[in-house]
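The values are calculated or read from the model by the stated rules, or taken from the named source; none is laboratory data. Every value quoted in this text rests on a predicted model; they were computed, and no experiment measured them. Neighbour counts are summed over all protein chains in view; Cβ atoms, including those assigned to glycine, are modelled from backbone coordinates with ideal geometry. Ligands, DNA and RNA are excluded from the accessible area calculation, which covers all protein heavy atoms including side chains. Shrake-Rupley method; radii C 1.70, N 1.55, O 1.52, S 1.80 Å.
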Amino acid sequence: AFPRTPKAARARELGGLLVGPAWIWDCQRLQRRLPCGPYLLDGSASSGSEGEGAEDAPPPSRPSP
């Protein structure tokens, strides 16, 4: 949830996208993978890609109770 941490910087270096926690909750609520674009944290889309194209991927797994 914080874009200026060492972990976030490392994820960007490796080409990852940083999304806010709302993306996880909304994917879970709707039971499908949503586009990342509206949930990106600042600086994570430097390549111009928004992580799209995986729309048919299964939703994030549910945590065990």
| message | Scan the range 6-14 and tell me whether some residue there is at pLDDT below 75 and loosely packed, with under 15 Cβ neighbours inside 10 Å. | response | no
| remark: Note on the range 18-58: residues in a loop (DSSP other than H, G, I, E, B), open to solvent by 60 Å² or more (accessible area, probe 1.4 Å) and either closer than 19 Å to Phe2 by Cβ or modelled with pLDDT of 95 or more (or both) are Gln31, Arg32, Arg33, Asp42, Ser46
